[in-house]
Structures are given as structure tokens and as C-alpha cells.
Amino acid sequence: MLEDLSIKDFALIDNASIEFKKGFTVLSGETGAGKSLLIGALTFLLGGKSDASQIRPGSKEASVSGTFYLGERRVNPKFSLDDEDAEPSNAYEWLDLHGISYEDERVLLRRLVRENGTTKNWIGDTTVTRPELSEFCSFLVDIHGQHEHQNLMKVSEHRKYLDSYAGIVDLVRDFSKIYAELSEKKRALESLVSDSRDRNQRIELLNFSIKEISDAKLKKGEDVELLEEETKLSSFEKLYSEIQALNACFSGSDGDGIVSLLKKARAAASHSVSFDKNLDSLNQRLDAAFYEMSDIADEFSSYERGLVFDPARLEQVQERQTLIYNLKKKYASSVNAPVEEVLDYLDDAQKKLEELDGSEESQEFIRKEIEALEKRVYEEAKKISSLRKTAADKMASSVMGVLSKLGMANTRFQVKLTDKEETETLQRIGPYGMDDIEFLISANPGQPLQPLAKIASGGELSRVMLSLKTILAASDSVGTMIFDEIDTGIGGEVAVSIGSHLKKLAEGRQVLCITHLASIAVYADNQIKISKGVFDGVTKTSAVEIEGEKRVSEIARMLSGDADSAESLEHARSMLEKFS
């Protein structure tokens, strides 16, 4: 149950705090006063769509918060947090599943939208996504507005009402999962069958690729090593010339080479130490330099002796590079890619070949799975269909029972079930079973039953929807029901009957209703007036609970448009005394 609602800078509402009570509450006000804004703010809080246009002009963000009483918790032995596939059936289970705490059987919801269009959502102190907020709120509030009239015109929606009445929503959801699994298996089989049509050609191509790459006996990093060797061999003359020049620097002629000069310097330094011990460290460093340079000179000399031009090896390297280039061109992302990409292609080709070799076995395995799933789907569809057929007549009778109290006593209503199209060998089944479901209605005696979507007026649709909401309420755990535009196309005695019906419906839950009809408003346990005015040059909307004479005055306005007429006021008092 919604206990309070706080709205700040939402549309024309600058700051409003409203407390809601149990029972039947009516929201009234003149046309254009902003009654829809209040529902808009509540819809926003419950996870509805949002954008920056909802922010009051001059403000940077809009926020709405509300406290909900969850009611007494009942133990559900079927629900366990240890079950990975657990699906919550009420608000408490949803909170437990998401690790969100609550106090005194109450939870605070908050939501805001900023001028850049971003939103933040909280359940208690926990930040949640909009889909999560919307999912949670589906356990708290059911909002019925004009869009649901439109849904009632869609035959595809009729199944949902019947399944809800029959109490098989979870059963149908599980069936849909099995059906989806069957569809996926069929797609997988079709893919395998399609693959098998060109299987031999693909095997031949893969075998060729595998042989071509395998015969090359590639090694990781080989392309880099070959490039280095090719550079050395193709630049032999320049390299040999540079090494000769370098060795000449080391050896020199007439004792002027680097090693000879260092040897002379070392001897002089060694003699100097005998005269000044402080030169010892420099002498040691010179010794080290002499030995290091001598070693380097020997290494370069040895390298020069080993340099041999091998044109045959250069040809081999270049041929190998050409082979790798061609393999990269075929099997790598580019000719400049590392040779490892060709090796990766080889691995993938070998795996695909193994899969194709096992294709026949896979097809047979999937066929057996499909056969078992088809049998299960058919059995479950028959079970669901049987439950629907049992519930259909009861539902029609219940709807007609409510409609008779809403000024449609002679109305006939039928929930029509027909099997989906079938062939001689196959019963056609869809993701929700084997039934096509449609509501039929005859609003006047002597008229045949016809599709609801084709003949019902706005007023009749409102009452049919109210009837459905009423019969579904018995099995629905939602604590708050909101009716917006329930009075579309009605008046007089029909409005009186709807008001009376809403009051009875509110005996087991909280009912909020926006209406412009006094005949409905007088039945309310509580009434909130929505007003719009200009304050300091700014248009604002406010909402306050009205009682006593203020409520009498509002009912009088709703009756005749004149809140001050003695006759209207007297009429309003008599209606309130009679119906409230």
C-alpha cells in the first residue's frame, strides 16, 4: 500500500507531499488542473520512462519518492535463495533475492531525473536500474489507464488475462522456455544439415589448407629470424668492409692500434703507481679497459675470419621468405602480420575439420533431443490447453457477474478458445501453447457474440476492463490499484454502479481513482483535490486532502460546475450521506 508520496520540481509541481490512506481514494480537480501529473509522477517513481521534459522549468532536476507498506509476510515454501532459478512471487522475495533490506514491513522508493536526461533510482538505500525498479514495483502497484483499453483491443493480450485468471502464468512461462529450447535445437540442426550440403567441399578445402601449412613446417618467430639473416647476407660486402676497418683500428700498423696504445698506457700507469699509491685505482681501471678491449678486438677478428659469402644460403632464405609471404597472404590478416597468425589458422582449421567429421553424429544426437522436446512440448501444451478450457467458462461467468452490477446486465461475454492451425500429421504449437484466445461480447439482447475489439464502445471497454481487474484481484498480491480514466464514456446510473464497485474492491486493497464524476467520487473513503494556480508569476499544481465542507464544495463543483450554489451544495451533502 502506498502511504505517502513526495514530489519536487516535477512538471508543474514544485513541492508536494501527499499522504494516502487505506480504502478507496479519489483524486479530483478541474479539467487541466494536473490530475494526470500526479499519476505521471507516480508512474515515474514506479520505473516509467523519463526525460528532461519532466523537470519543472527553472530547475535542474526532478525527484519523486514514496513509502510503501508491504503487508504481512507469508512463508512461501517453494521459494529458496539457494535455488539459482528462483523467481520471486512477491515484493519480499524480490528484495531478498537482490539483498535489499527493509524495516517495519516498509520500503522507500526514490527516483530523480537530471536536466541532461540521466536518472538515478533507489530501493531503500540501494541503487538499482530502471528495469529492476519496474520489476519490483510490479509487485506493489497495478496502474490501469487508457493504454490498457487499447491493450484490450489487441487479441494477443487476451491470453494473458485468461492465463492470469487460471493461475497458470508460471506454467506458461516455463512452457515458453521449453519451446524456446526446442526452437534453438531445430535451428542448430538446420545449420548442421545446411553445413553438410557442402561438407565434402569444405573438408577438401580444409585438408588442403592444413597440408599446405603443415608441409611448410613453420616455427614461431621464423619470419623475423629470416629477415635478419637475409639482411646480413644481402649486405655482405658492406658488412665485411666495415669489420675490416674496425679491426684495423684495433690492430693498426707500427703499433698505433687501440690495443697497442692501451698496452703502452698500462705499462706507464703501472710504473707511476710505484711513485704514488693514489694512482692505484686508476691503474686498475686501465687494466680492466685493456683486457676488455683486447677481448673485443679478438672477437671482431674472429668474426672477420668467419665471414664467408654464401649465395646459395641467400637464395634459400629468400625462397623461404617468399613461401611465408604467400602463406600469410592466404591465411593471415595481412602479409605484414606475424607468422603466428598462419599457425593459428592451422589450429582453427584442424578443429573445424574435427567438427565436420563428427557432423553426422551431432545431427543424430540433436534429432533425438528434438524428438524428446517435441513430445514434452506437446504434452505440456495439452495440459495448459485443458486448464485454459476449464477456466474459460468460469472467467466468462465471473465477468458477466461483475458487468451485471455495472449496468450491463444483459451482456453476454465469452472466452473463445480455438486450436491453432494443424496439418494431417502435426499439431501447430506456438510459444504460449496450442490455443488461440479471443474475447467475444454481445452487449445487447438478440445480438450475436462478436469480437470485443470490433464492437465495444469506450464505456463498455472501461467496464469490461474493470470486470477483469476485479476478478483477477482475488489472486493478485498487488496491494494498490490505480484507475485513470475509468469513467471514460459513462455517466448516470453506470457511474453510480462503478463507484459502488470500486468501494467494494477497496475492501481488500488500496484503490486510487482519478475521476471527474461526482457519482464515483462520493463513494470514496478519502478524496484528494488537485488544483492549479499562478503564484508569483509561476504556474504550479498542488494536491491536498479535503474533508468536511471542503469536500462538499468539491462534490458540488463536480455535479454542476458551481461549488457555491446552495442547491448544488445540498445535493452534494445528500449524496455523501447516502453513499460514503
Cut-off 11 Å between beta-carbons: net charge of the residues surrounding residue 43, Lys and Arg +1, Asp and Glu -1
+1
Cα-centre dipole for the chain with unit charges at Cβ (Lys and Arg positive, Asp and Glu negative), debye to 20
2440 debye
Over the Cα atoms of the chain, what radius of gyration and what Dmax do you get, in Å?
43.1, 139
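Using the structure shown, select from 154/529; 416/503; 504/578 the pairs with a Cα to Cα distance greater than 27 angstrom. Write out the running numbers ahead of the final one.
On the way: 154/529 34 Å; 416/503 31 Å; 504/578 15 Å.
Table pairs above 27 Å Cα-Cα are 154/529; 416/503.
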Just to confirm, what accessible area per residue do you get for region 455-580 at 1.4 Å probe, in whole Å²?
42 Å²
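Based on Cα coordinates alone, diagonalise the gyration tensor for region 362-505, multiply each eigenvalue by 5, take square roots, and list the semi-axes in whole Å, largest first.
On the way: eigenvalues 308, 65, 29 Å².
Largest first, region 362-505 gives 39, 18, 12 Å.
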The chain, helix-only ellipticity at 222 nm - DSSP H runs n ≥ 4, -39,500 (n - 2.57), divided by all residues, nearest 500:
-18000 deg cm²/dmol
Charged-residue dipole, Cβ positions (Lys, Arg, Asp, Glu), region 436-569 about Cα centre, Debye nearest 20
140 debye
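How large is the charge dipole for region 185-276, taken about the Cα centre, if only the Cβ atoms of Lys, Arg (+1) and Asp, Glu (-1) carry charge, to the nearest 20 debye?
Numbers: 15 positive and 17 negative charges, 150 e Å.
My answer is approximately 720 debye.
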Which aspartates and glutamates have a Cα lying under 20 Å from the Cα of residue 219, excluding residues fewer than 8 positions away in the same chain?
228, 229, 230, 315, 319, 340, 341, 344, 347, 348
Give the residue from 224, 203, 155 lying farthest towards the positive end of the charge dipole for the chain; charges sit on Cβ (+1 for Lys and Arg, -1 for Asp and Glu) and the dipole is referred to the Cα centre.
155
Which of the lysines could a cross-linker bridge to residue 263, judged by Cα under 29 Å and excluding same-chain residues fewer than eight apart?
277
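Express the carbon and sulfur contribution to the solvent-accessible surface of the chain as a percent, rounded to the nearest whole number, probe 1.4 angstrom. Write out the running numbers ahead of the final one.
Working: 15820 of 32220 Å².
The C+S portion of the solvent-accessible surface of the chain is 49 percent.
With 24 Å as the limit, write out which pairs from 238/328; 49/420; 185/351 have Cα-Cα distances beyond it, or answer none. Numbers along the way, then the final one.
On the way: 238/328 31 Å; 49/420 36 Å; 185/351 22 Å.
Correct reply: 238/328; 49/420.
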Rel. contact order, % - alpha carbon contacts under 8 angstrom, at least six apart, the chain
22 percent
Taking only protein heavy atoms and a 1.4 Å probe, what accessible area per residue, in Å², does region 3-45 have with all protein chains in place?
37 Å²
Translational diffusion coefficient (Stokes-Einstein; Kirkwood radius from C-alpha pairs) of region 368-414 at 10 °C, 1.306 mPa s, in µm²/s
123 µm²/s
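The values are calculated or read from the model by the stated rules, or taken from the named source; none is laboratory data. Just so it is clear, the structure is predicted and the values come from calculations on it, not from any experiment. Neighbour counts run over all protein chains shown; Cβ positions are idealised from the backbone, glycine included. The area values use the complete protein model at the heavy-atom level, side chains included, leaving out ligands, DNA and RNA. Shrake-Rupley method; radii C 1.70, N 1.55, O 1.52, S 1.80 Å.
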